[in-house]
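Remarks on the structure that follows.
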Amino acid sequence: MKSLVYVMTAILIVAIASCSTTKRLAEDETRYTGLGRFVVDYAENAEKMPSALDAELRKTGETDANNYIIAPFIKIPLGLWVYNNWNDSSKGLKGWLYRKWVKQPVLISEVKPEMRAKIMQQLLDDNGYFGSTVTYDIEYDKRNKKKAAIGYTLNIKKPYPIDSIIYLGDDNPMYRYIDSVAKRSPYLQKGEIFSVDSLEAERIRIVNSMRNHGYYYFKPEYIEFLADSIITPGQIAIKLNLVANIPEMAKLQYKTGKIVTIIQRNSDESPGTPDTMQTSKGELIVMEPAHLRKNLIPSCITFREGKIFSVRDMDRTQTRLSRLGMFGAIQIQPVPSDTSAKHPTLDVYTSARFQSPLEASIEVNATSKSNSYLGPGIILGLSNNNTFGGGERLSLQLNADYEWQTGRDRSSLFNSYEFGLTASLAFPRLLAPSFLRRNNRDLNWTTISLGGSILNRPKFFKMAEFNTGITYEWRAFRHVQNQWTLFKLGYTKLMSTTTEFDSIMLQNPAIALGFESQFIPQMNYTYTYDKFFERERINGINIQASITEAGNIFDGIWSLCGVKGQKKLFGTPFSQFIKGQFQIVYNRRLVRKSDQWLVTRFLIGAEHAYGNSTQVPYSEQFYIGGANSIRAFTVRSLGPGSYRAPITERDGYFDQTGTFKLEMNAEYRFPIVSILHGAVFVDAGNIWLLKEDPLRPGGLLTRKDFLKDIALGTGVGLRVDIGVMVLRGDLGYGLHAPYYTGIDHYFNIKFKNAWAFHLAIGYPF
């Protein structure tokens with residue numbers, strides 16, 4: 001049956017592609033079929049164009065050719081076929097489909113190739129390739145002269161470098177400052193290739209620096225760069241110049257004058273009565289009654305009276321007030337107060353309006369797994385964003401998941417479920433020793449949390465887990481985020497087990513140790529570096545490294561007290577292990593000013609139990625597969641190594657874990673239409689054991705089987721990106737599974753068993 005569907009689909013595609021798409025054209029009309037040959041000929045000694053410029057030139061030559069895209073590289077002119085072969089007077093369903101799909105042909109005359117060639121030539125001039133030429137040819141289809149593509153030929157000359165830079169050179173303080181900023185430019189250097197875009201970026205950089213140095217009203221259009229190619233043939237002399245008639249206000253360097261901050265009540269409440277007080281950061285006016293600690297707002301104000309005015313201080317103040325989560329509307333307005341003085345000033349008026357402190361959220365999801373379990377899930381959240389008047393954030397979150405088993409093996413009406421409740425209290429400051437280096441320009445957070453959950457798998461076990469801890473989050477540098485969990489104490493307990501589960505645990509003591517009731521006292525540090533290297537956000541990198549230790553402090557205290565052997569807390573053993581993980585994500589924009597991205601990820605992690613433990617707790621072990629991992633396989637269906645659980649045990653998910661993890665992903669993301677985006681991806685990786693387990697053969701990490709044990713999958717995805725949320729669907733296709741050891745060739749998964757679909761929220765990495 002499936003084969004018949006594939007054959008019929010192929011026949012339909014061929015039929016559509018072979019139908020006439022020029023039937024309704026007039027005698028003097030030619031249909032445009034797309035970009036033809038794009039030939040780039042370089043003159044002797046000419047340098048190859050940057051890839052970004054090459055892509056921009058090609059994009060200038062391209063335009064919509066009525067090709068309906070069904071995949072990144074498969075185009076079928078469906079709209080044209082409808083236009084040429086259906087009757088536009090049809091009614092009913094056929095008429096509705098005609099109006100929905102029809103596309104009138106794009107004609108060669110509408111594409112205007114001569115104009116596009118001129119635009120390309122201007123682009124070359126703007127990037128220093130003076131004297132280069134662009135010509136075009138109409139390439140008629142050999143079988144149908146009513147169809148043609150347009151080809152372009154680019155003759156590229158040697159680009160002109162910068163020979164010299166002439167600065168303003170004046171005793172005027174503003175001129176001296178502009179010169180000092182320009183001389184620190186990475187672009188305005190002798191030998192750099194002339195580029196209009198780079199000069200425009202340089203204008204913006206200089207003006208941004210000026211606005212952060214008191215020249216608040218200065219604009220980019222007041223600066224111009226004059227280029228001269230006559231002084232030195234084949235090279236460009238650049239002269240920095242200011243336009244005439246710059247407004248006097250733009251020439252003044254301002255200092256910060258009076259600072260006034262007004263805190264207004266919620267718009268649904270009465271305006272209130274003003275309470276005015278003087279603080280170290282100016283005048284503070286609070287409309288009473290207000291639930292607010294008076295020292296909170298001054299800690300967010302970065303202006304200082306008498307200091308040179310800076311736009312950066314506006315941005316920082318806005319950001320810090322916004323991150324409190326207390327205010328719905330924040331406005332900062334500088335007002336000139338005395339422009340005739342030797343040092344003119346700008347008074348700063350900041351207005352912030354309270355929003356409702358209570359915030360509720362709900363998230364609903366559904367899961368469908370290869371082990372025949374499916375069911376809904378819900379996450380309910382409630383938060384108070386100003387609990388004690390100091391921006392403290394009290395949050396409660398309830399999550400619940402319920403799954404039932406489909407198919408013939410339904411063991412009970414009431415199946416697997418999990419629910420949990422987490423409470424956290426976050427303070428917008430570090431309640432920590434001063435030796436922690438922090439950036440006071442950003443808010444730093446201290447979070448105290450308490451939570452518990454119950455997981456029930458009726459065929460196997462019921463487990464309870466509780467945890468509490470304190471975590472610091474702060475920035476020491478602009479692109480670096482630090483997270484330090486000073487202390488976290490977890491407790492897991494098997495509340496009940498089935499006979500089937502007990503028999504499996506008796507057969508495999510190593511797995512049983514991971515399930516035993518135990519305390520998990522932890523300390524964790526996570527370092528995150530996140531940065532785009534260019535203003536245009538072309539190359540970006542995110543590095544995250546974390547290390548977790550558990551039980552070492554407790555073990556040291558118990559040892560000092562003379563306790564030997566297995567050490568216990570309240571009669572229950574505590575776990576002792578170390579765990580590390582490293583991840584790097586690289587983002588590359590493939591076409592400048594587009595949403596075409598190549599995103600890659602490399603992740604590696606390892607953990608080891610020692611001292612008071614022989615196994616890492618089950619909840620801390622690595623697993624792989626699923627919507628954010630290797631998408632051709634469902635979650636916890638891979639590993640460790642080439643091991644595969646017996647069919648009777650796969651529903652339990654309790655032995656598909658390991659102590660070493662490796663994962664590699666690559667994803668090409670591209671826009672389709674409006675908010676709909678697509679993706680093509682390749683995922684690889686697996687988990688392994690660092691200690692041999694005889695009852696999980698093939699699970700040990702070895703050099704001999706390492707490459708064969710790496711699972712490989714590919715697939716395609718659709719994303720609905722509405723900005724605040726991304727709804728994602730990924731269809732994965734497995735290429736290699738390490739547990740199919742009896743098959744000789746590498747691609748060892750049968751077609752019918754190779755598919756996996758995941759529905760998720762957010763991008764996978």
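The values are calculated or read from the model by the stated rules, or taken from the named source; none is laboratory data. Small disclaimer: the values here were computed from a predicted structure and weren't measured. All Cβ positions, even for glycine, are placed from backbone atoms using ideal geometry, and neighbour counts span all protein chains on display. Areas reflect the complete protein model, heavy atoms only, side chains present, ligands, DNA and RNA absent. Shrake-Rupley method; radii C 1.70, N 1.55, O 1.52, S 1.80 Å.
Once the C-beta distance of Ile119 and Gln566 is scaled by a Förster radius of 56 Å, the resulting FRET efficiency is 0.15 to the nearest 0.05. For region 663-746, trypsin sites (Lys or Arg not before Pro) meeting the loop criterion (DSSP other than H, G, I, E, B) and having at most 12 other Cβ atoms within 10 Å: Arg703, Lys704. Here region 123-148 and region 191-250 have alpha carbon centers that stand 34 Å from each other.
Hey, quick one: spin label on Lys142, modelled 7 Å out along Cα-Cβ, who in region 29-52 has an amide N within reach, i.e. under 20 Å? Under cut-off, by backbone N: 31-39. With coordinates expressed along the principal axes, the C-alpha atoms belonging to region 500-571 extend over 58, 41, 16 Å, beginning with the largest. Arg457 contributes about 30 Å² of solvent-accessible surface, heavy atoms of the protein only, 1.4 Å probe. FRET efficiency for the Phe130 to Arg537 pair, using the beta carbon distance and R₀ = 25 Å, is estimated at 0.25. A simple spin-label model places pseudo-atoms 7 Å from Cα toward Cβ; at Glu305 and Met277 they are separated by 1.7 nm.
For the chain, the solvent-accessible area with a 1.4 angstrom probe is 53 square angstrom per residue. Treating r as the C-beta distance of Gln189 and Glu62 and R0 as 35 Å, the FRET efficiency rounds to 0.55.
Only protein atoms count toward the accessible area here, which uses a 1.4 Å probe; on the chain, the carbon and sulfur part of that area reaches 56 percent.
Shown in residue order for region 558-570 are the 3J(HN,Hα) couplings computed by the Karplus curve 6.51 cos²θ - 1.76 cosθ + 1.60 at θ = phi - 60°: 4, 5, 4, 7, x, 6, 10, x, 6, 9, 10, 10, 6 Hz (x for Gly and Pro).
Multiplying the sequence separation of Ser503 and Ala545 by 0.36 nm and subtracting their Cα-Cα distance, what value in nm do you get?
Working it through step by step, the gained length comes to 11.2 nm.
For region 621-645 versus region 708-732, the spacing of their alpha-carbon centroids is 16 Å.
Under 8 Å for C-alpha pairs, at least 6 residues apart: give me the relative contact order for the chain, rounded to a whole percent.
6
Taking N as the number of residues in region 218-326, what is its alpha-carbon radius of gyration divided by 2.2 N^0.38 Å? In units of the globular-protein estimate, region 218-326 measures up at 1.73. Computed over Cα pairs, the Kirkwood radius of the chain leads via Stokes-Einstein (0.692 mPa s, 37 °C) to a diffusion coefficient of 102 µm² per second. Any number yet on Rg/Rh for region 440-546, C-alpha, Kirkwood? In region 440-546, Rg relative to Rh is 1.19.
Beta-bridge orientation, region 157-240: approximately 55 percent antiparallel, per DSSP, counting only bridges with both partners inside.
Our coupling estimate for region 135-147, obtained by passing each phi through the Karplus curve with A = 6.51, B = -1.76, C = 1.60 and θ = phi - 60°, is 10, 10, 9, 8, 9, 6, 5, 5, 9, 9, 6, 7, 10 Hz, Gly and Pro reported as x.
For region 192-262, pairs of C-alpha atoms spaced more than 17 angstrom apart make up 55 percent of the total. Taking other residues whose beta carbon is less than 12 angstrom from the beta carbon of Gly306, and scoring Lys, Arg as +1 and Asp, Glu as -1, yields +3.
Placing a pseudo-label 7 Å from each Cα along the Cα-to-Cβ vector at Asp54 and Leu759 gives an inter-label distance of 4.3 nm. Electrostatic tally near Phe574: other residues with Cβ closer than 12 Å to its Cβ, Lys and Arg +1, Asp and Glu -1, net 0. Extending 7 Å from Cα along the Cβ direction at Ser496 and again at Leu598 yields two label points whose distance is 5.5 nm. Express in % the proportion of alpha carbon pairs of region 616-765 at distances exceeding 24 Å. Distances greater than 24 Å cover 34 percent of the Cα pairs. Taking the helices alone, the chain has a mean residue ellipticity at 222 nm of -5500 deg cm²/dmol, built from -39,500 (n - 2.57) per DSSP H run of at least 4 residues and averaged over all its residues.
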